[in-house]
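Worksheet for the structure shown next.
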Amino acid sequence: AQASPRELSGGQKKLVALAALLALRPRVLLLDEPLASLDASERGRILAVLEKLKQQGMALVLAGHAWEAAALVDHMFFLAEGKIAGDKPGKDIFSDMDLLERCRLMPPPFVVFLQAMGWPAEDFFHREKCWQRLKEAGYLA
């Protein structure tokens with residue numbers, strides 16, 4: 001509570017900025033790269049706040065490259081050479097690898113792993129399910 005803004009982490013600064021925006025009671029929140037330059041813990045906190053806002057009916061418009069945010073969105077647009085190259089529901093973003101390639105986007109390594117295992121790429125959003133599969137297959141103790 002007494003910390004200087006210079007002493008706050010990137011995630012803490014983003015949470016403070018988000019709180020300031022929410023004080024204005026907007027109906028729509030537009031965020032550019034809300035997860036950029038954050039560690040996994042800070043990303044998780046920001047995602048949790050955004051998920052809660054979505055559940056409360058807040059309209060979210062996100063621009064960015066963080067795959068984790070796809071779980072929050074109802075729809076995604078993909079750009080290539082300044083034009084919309086395609087669109088997908090957020091939960092289906094890994095169903096069209098050709099679209100990702102046209103947009104010069106690399107799927108996360110975890111998605112590549114899932115595909116190599118023959119598991120649905122959508123499980124990227126349900127990692128607990130993946131851990132359970134790995135345990136059942138004898139890969140984890």
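The values are calculated or read from the model by the stated rules, or taken from the named source; none is laboratory data. Please read all numbers here as calculations on a predicted model, not as lab measurements. Methodologically, a virtual Cβ is constructed for each residue, glycine included, from the backbone with ideal geometry; neighbour enumeration extends over all protein chains shown. To get the accessible areas, we keep the full protein, side chains included, count just its heavy atoms, and leave off ligands, DNA and RNA. Shrake-Rupley method; radii C 1.70, N 1.55, O 1.52, S 1.80 Å.
Just to confirm, what accessible area per residue do you get for region 33-75 at 1.4 Å probe, in whole Å²? Could you put the intermediate results ahead of the total?
Numbers: 2370 Å² over 43 residues.
Normalised by residue count, the accessible surface of region 33-75 is 55 Å².
Under 13 Å from the Cβ of A36, count the other residues' Cβ atoms, weight Lys and Arg +1, Asp and Glu -1, and hand me the total.
Values: positive: K13, K14, R43; negative: D32, E33, D39, E42, E68.
That sum, taken over residues with Cβ under 13 Å, equals -2.
Heavy atoms only, probe 1.4 angstrom, no DNA, RNA or ligands counted: give me R27, R133 ranked by accessible area, highest first. Could the numbers behind the result be given before it?
Working: R27 205, R133 65 Å².
My answer, sorted largest first, is R27, R133.
Among L30, L15, L72, what's the order by accessible area (1.4 angstrom probe), most exposed first? Mind dumping the intermediate values first?
Values: L30 125, L15 50, L72 10 Å².
Accessible-area ranking of L30, L15, L72, largest first: L30, L15, L72.
With an 8 Å cut-off on Cα pairs and a minimum separation of 6 or more residues, tell me the relative contact order of region 90-141 in percent.
Working: 24 pairs, mean separation 13.6, N = 52.
After rounding, I find 26 percent.
Scan region 96-128 for trypsin sites (Lys or Arg not before Pro) in coil per DSSP, keeping those whose Cβ has at most 12 other Cβ atoms within 10 Å, and list them by number. Before the final figure, lay out the partial values.
Values: sites: R102, R104, R127; in loops: R104.
Filter output for region 96-128: R104.
I'd like the carbon and sulfur percentage of the solvent accessible area for the chain, probe radius 1.4 Å, heavy atoms only, ligands and nucleic acids excluded.
On the way: 5310 of 9540 Å².
Carbon and sulfur together cover 56 percent of it.
Taking only protein heavy atoms into account and a 1.4 Å probe, give the accessible area per residue of region 87-133 in Å². Provide the component values of the computation, followed by the final result.
On the way: 2900 Å² over 47 residues.
Accessible surface, normalised per residue, equals 62 Å².
Check cross-link reach from K13 to the lysines: straight Cα distance under 20 Å, and skip same-chain residues fewer than eight apart.
Straight-line reach from K13, under 20 Å: K52.
If I stretch the segment between L134 and A36 completely, what's the gain in nm (0.36 nm per residue apart, minus their alpha carbon distance), one decimal?
Details: separation 98, 0.36 × 98 = 35.28 nm, distance 3.00 nm.
32.3 nm is the gain from fully extending L134 to A36.
For Cα Rg over 2.2 N^0.38 Å, pick the label among (i) 1.02; (ii) 1.20; (iii) 1.10 that corresponds to the value derived from the coordinates.
The listed entry that was calculated here is (ii).
If you average the sequence gap of Cα pairs under 8 Å that are 6 or more apart and divide by the length of the chain, what percent do you get for the contact order? Walk me through the numbers before you get to the answer.
Numbers: 126 pairs, mean separation 20.9, N = 141.
Relative contact order for the chain comes out at 15 percent.
Which of the lysines could a cross-linker bridge to K129, judged by Cα under 17 Å and excluding same-chain residues fewer than eight apart?
K91
Between S4 and A66, with labels modelled 7 Å along Cα→Cβ, what's the label distance in nm to one decimal, could you check?
Taking the two extended label points, one gets 2.7 nm.
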